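Novice: Before I ask anything, let me first share the structure, which is written out below as structure tokens.
The values are calculated or read from the model by the stated rules, or taken from the named source; none is laboratory data. Being a predicted model, the structure only gives us computed values, none of them experimental. A quick note on method: Cβ atoms are made from the backbone with ideal geometry, for glycine too, and the neighbour counts reach across all protein chains shown. SASA here: full protein model, heavy atoms, side chains in, ligands and nucleic acids out. Shrake-Rupley method; radii C 1.70, N 1.55, O 1.52, S 1.80 Å.
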Amino acid sequence: MTTVVRWLVVLVLFVHGLLHLLGAAKGSGWFEVTQLKQPIGVLGGVLWLIAGILVLVSAVLITMGEPAWWWAVTLVAAAVSEVAIVTSWGDAKVGTVVNIVLVLVAGYGFASMGPTSFHARWREQAAQALSLVDPSPTLITDSDLAGLPQPLADYVRRSGAVGEPRVTSFHASFHGRIRGAPDEAWMPFTGQQLNTYGPNPQRVFIMDATRSGLPVTVLHEFSNSTATMRARVLSLVTVVYAAGPQMDHGETVTVFNDLVVLAPGAIVEAPIVWSPVDAHHVHGVYAVGDQSVSATLIFDDDHDLVDFVSEDRLRAAADANSFVQQRWSTPLIEHRQSQGRRVLTLGEGRWHPPSPEPAFVYVEMGFDAISYNVHSGSGRGGALLGPPYSLSRA
């Protein structure tokens, strides 16, 4: 649901809920409601009160977008509201139109957050991935960095990873905008991802974007060196399904990028062969399963990682279901200190087409929060719990 549509729906529901309270007032005899001609009575007043509360609660839950089962509350609200309206049909029948809207909103909520949705799949896969990681990783010491090229070792120290547990997982939330080509419109998005490390690295990434006013949900999954990418419009119509050797290879580059950019504390035990280039460049070959990809890491004088460049990434072709190999880079624009960690807050992704086409930025991403060594919780929607590092701007 786009932001504008959400706020319109919320506004209508608040008015709808408040009007129900008029029925409750008349039935309970709190005050005279001249607009309602038909008698309501005490029991009818209780029904109108319950309906009003449910509608208002639905408006609040839709505003928050949480918990994942908000759509069920909305559906119940529509049903109770309609029963109340039927008891005073002559006065309140127009409210049926709003209840139809409520049912449609609940239907969309079921499609986008219910048990068959990408969001439910994300939660399920995230919990499964976390069940396989080491729950008690050992601390990183300075001696663990002895075998790394100097620029990379300095970067790991700079990140604050030394003295902290090895990173076996992280959860990040983010926002930004994305486009497919320089002449295409930007699509705003929000999302979250979970990455785990160990013998079987996994990545589950979900993004909610808006294109031409319609919501688009994209789900990436990487496990056992196999990757898929799916996209749905309105959480109903699948418009992209990408899988196969090319997708596996390209997504392995993304997993490599996530590791060095967002989880420096996982570098010391990662299956990467490092080669020093000079004081600001290090080359790495990352191997997982049957995949092997490479990249060059670029550092500044302050030992921050400022870019990641790979020739092994694959860009989606015009049909969105096939790929072409193309140089890919992720300039890192801003880092922040948070609770002893130095973490990325702002970056972008660039494609570098063959000459004479110029390189262009296709995604801009800001990170809102990140937690390391997370675990499945019993909170709302099966929340992921762990030490949070707030990345909000001062």
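Novice: Which pairs turn up if I take residues in region 26-47 that are open to solvent by less than 100 Å² (accessible area, probe 1.4 Å) and look for partners that are of a type in the set (Val, Ile, Thr) and modelled with pLDDT under 70 with beta carbon separation below 8 Å, at least 6 apart in sequence or on another chain?
Specialist: From region 26-47, the pairs are LYS26/VAL33.
Novice: Would you be able to tell me the number of residues in region 193-204 that are touching a residue at least 60 places away in the same chain (Cβ under 8 Å) and either surrounded by 22 or more Cβ atoms within 10 Å (Cβ to Cβ) or assigned to a strand (DSSP E or B) (or both)? Give the steps one after another, and end with the answer.
Specialist: The first filter runs over region 193-204 and keeps only residues touching a residue at least 60 places away in the same chain (Cβ under 8 Å), leaving 193-198, 200-202, 204.
Okay, now just the ones that are also either surrounded by 22 or more Cβ atoms within 10 Å (Cβ to Cβ) or assigned to a strand (DSSP E or B) (or both), so 193-197, 201-202, 204.
Number of matching residues: 8.
Novice: Given ALA120, ALA161, which one is buried (at least 16 other Cβ atoms within 10 Å of the Cβ) and more than 30 Å from ASP304 (Cβ to Cβ)? Working first, answer last.
Specialist: On the way: ALA161 fails: more than 30 Å from ASP304 (Cβ to Cβ).
Of the residues listed, the single one that is buried (at least 16 other Cβ atoms within 10 Å of the Cβ) and more than 30 Å from ASP304 (Cβ to Cβ) is ALA120.
Novice: Between a residue in region 280-303 that is under 16 Å from ARG327 (Cα atoms) and open to solvent by less than 40 Å² (accessible area, probe 1.4 Å) and any residue that is assigned to a loop (DSSP other than H, G, I, E, B) and not aliphatic (A, V, I, L, M), which pairs come within a Cβ distance under 8 Å, given they are 6 or more apart or on different chains?
Specialist: Between residues of region 280-303 that are under 16 Å from ARG327 (Cα atoms) and open to solvent by less than 40 Å² (accessible area, probe 1.4 Å) and residues that are assigned to a loop (DSSP other than H, G, I, E, B) and not aliphatic (A, V, I, L, M), the close pairs are VAL293/ASP312; SER294/GLU311; SER294/ASP312; ALA295/ASP312.
Novice: Could I ask something else about it? Filter region 232-273 for residues that are under 26 Å from LEU214 (Cβ atoms) and surrounded by fewer than 20 Cβ atoms within 10 Å (Cβ to Cβ) and give the result.
Specialist: Matches in region 232-273: VAL233, LEU234, LEU236, VAL237, THR238, VAL239, VAL240, TYR241, ALA243.
Novice: Kindly indicate the residue of region 336-348 that is of a type in the set (D, E, K, R) and within 23 Å of ARG177 (Cβ to Cβ) and also least open to solvent (accessible area, probe 1.4 Å) among those meeting that condition.
Specialist: Quick first cut of region 336-348, residues of a type in the set (D, E, K, R) only: 336, 341-342, 348.
Then keep just the ones that are within 23 Å of ARG177 (Cβ to Cβ); that gives 336, 348.
Values: ARG336: 71, GLU348: 30 Å².
The selected residue is GLU348.
Novice: To continue, here is another question. Here are the criteria: (1) open to solvent by 20 Å² or more (accessible area, probe 1.4 Å); (2) closer than 23 Å to TYR372 by Cα; (3) not in a strand (DSSP E or B). Tell me which single one ILE333 does not satisfy.
Specialist: Just one mismatch for ILE333, condition (3).
Novice: Further question: Can you tell me which condition ILE50 does not meet? The list is (1) exposed (fewer than 14 other Cβ atoms within 10 Å of the Cβ); (2) aliphatic (A, V, I, L, M); (3) over 23 Å from HIS119 (Cα atoms), and all the others hold.
Specialist: Here ILE50 clears every test but (1).
Novice: For the subset of region 153-192 comprising residues that are assigned to a loop (DSSP other than H, G, I, E, B) and aliphatic (A, V, I, L, M), which member is farthest from PHE299 (Cα to Cα)?
Specialist: Of all residues in region 153-192, those assigned to a loop (DSSP other than H, G, I, E, B) come to 159-164, 166-168, 179-186.
Then drop every residue that is not aliphatic (A, V, I, L, M), which leaves 161-162, 167, 181, 185.
Working: ALA161: 17, VAL162: 18, VAL167: 21, ALA181: 28, ALA185: 32 Å.
Only one residue tops the list, namely ALA185.
Novice: So which residues in region 80-94 are small (Gly, Ala, Ser) and open to solvent by less than 10 Å² (accessible area, probe 1.4 Å)? Steps first, answer last, please.
Specialist: Filtering region 80-94 for residues small (Gly, Ala, Ser) gives 81, 84, 88, 90, 92.
Answer for region 80-94, where residues must be small (Gly, Ala, Ser) and open to solvent by less than 10 Å² (accessible area, probe 1.4 Å): SER81, ALA84, SER88.
Novice: Moving to a separate point now. Select the strands (runs of 3 or more DSSP E) contained entirely in region 206-279, then report the ones holding at least 2 residues which are closer than 19 Å to ALA316 by Cα.
Specialist: It comes to 214-223, 226-233, 237-243.
Novice: Looking at region 123-143 only, could you name the residues that are part of a helix (DSSP H, G or I), surrounded by fewer than 19 Cβ atoms within 10 Å (Cβ to Cβ) and among the aliphatic types (A, V, I, L, M)? Outline the logic, then answer.
Specialist: Initial filter on region 123-143 (part of a helix (DSSP H, G or I)): 123-130, 142-143.
Keeping just the survivors that are surrounded by fewer than 19 Cβ atoms within 10 Å (Cβ to Cβ) gives 124, 127-128, 142-143.
Selection gives ALA127 alone.
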